[in-house]
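The values are calculated or read from the model by the stated rules, or taken from the named source; none is laboratory data. Note that the structure is predicted; figures quoted are calculated from it, not measured. Here the Cβ positions follow ideal geometry from the backbone for every residue, glycine too, while neighbour counts run over all protein chains shown.
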């Protein structure tokens, strides 16, 4: 029986193995592992790739968002609006600042709905944190207009959207700052945890450099209480190698996604997007009837799939104190019952993509 893995990180490593091992050896011989020239090189390369003035390497994608919010002064009494259909970190970083999580429902594109965002704004709202879900940039034009109208910060959760474009601009260049993840399941990933912040603001950039490194001005002087969240040299070296291939990989993501959509749209709901959007399909999500039955059928036939995310954040135990209940965000809740993520990664073979399509069609023809 054919077996199609949901992702296969080992395949990419084998392709880049010689480059990665050479870089590991180079950095190891230098013995410069923390805040080295390799990290600075990656930060400069990443900022240039995104079209931002600055980039700051940090320990993970969650810290990228947390440090952004903290550096903007978000704290007790401040509200930050975000979507409830993301990984838990998008909301938990708000709670970590001492601020209040406020959710708004999403639209047909699975991203936060600007109209619903505006309806949730109060005198205590300080920022909007849109999540570019599955590698598709949110409606940043509308969100920016709202932010300008109410004098709010926008911090992009671009963890899933490295390289994605919206009206010609890359993710990570719309808000005052953006947080990216280099987690192994992301389109650009390292061999462990890692994250990056982008910004065009000089003052914010300088504060972030200190915040990620204990608040230190230099080795002996501390300006404020910061945290220890630094991208290490080995991971930066790996990221520098992979960044060269990212556009090629993202094009392959789009190629697979287009093939899925062309062959499946008569059977399930597939992602539809405008000409001015260029998603990177960190996840290829279909919406379908009898989702769990389809998932089980595919599993029996050797196809790994995932449900992202089966329990919306507002219905998590951790969110109980926020006072939300089932029915508060009907679009998100409907999506959580119907979304299924199919295998997609640059090294995926065409025959495996065809196999997934054939099995989905087989299932729906049977029922």
Q. Of the residues 275, 220, which single one is surrounded by fewer than 17 Cβ atoms within 10 Å (Cβ to Cβ), assigned by TED's automatic domain parsing to the domain that holds residue 64 and either assigned to a helix (DSSP H, G or I) or out of contact with any helix residue (DSSP H, G or I) (no Cβ under 8 Å at 6 or more places or on another chain) (or both)?
A. 220
Q) Restricting to region 287-340, what's the tally of residues that are assigned to a loop (DSSP other than H, G, I, E, B) and either free of Cβ contacts under 8 Å to residues at least 24 places away in the same chain or under 24 Å from residue 355 (Cα atoms) (or both)? A) 13
Q: Take region 74-96 and flag every residue that is surrounded by fewer than 24 Cβ atoms within 10 Å (Cβ to Cβ) and either in contact (Cβ under 8 Å) with a residue 40 or more places away in the chain or part of a helix (DSSP H, G or I) (or both).
A: 77, 78, 79, 87, 88, 89, 92, 95, 96
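Would you call residue 161 closer than 15 Å to residue 50 by Cβ, assigned to a loop (DSSP other than H, G, I, E, B) and within 16 Å of the chain's Cα centre (by Cα)?
Taking the combined requirement at face value, the residue satisfies it.
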Q: Report yes if residue 253 is in contact (Cβ under 8 Å) with a residue 24 or more places away in the chain and either within 30 Å of residue 96 (Cβ to Cβ) or out of contact with any strand residue (DSSP E or B) (no Cβ under 9 Å at 6 or more places or on another chain) (or both), otherwise no.
A: no
Q | Among residues of region 11-52, those that are under 27 Å from the mean Cα position of the chain (by Cα), surrounded by fewer than 17 Cβ atoms within 10 Å (Cβ to Cβ) and in a helix (DSSP H, G or I), counted | A | 14
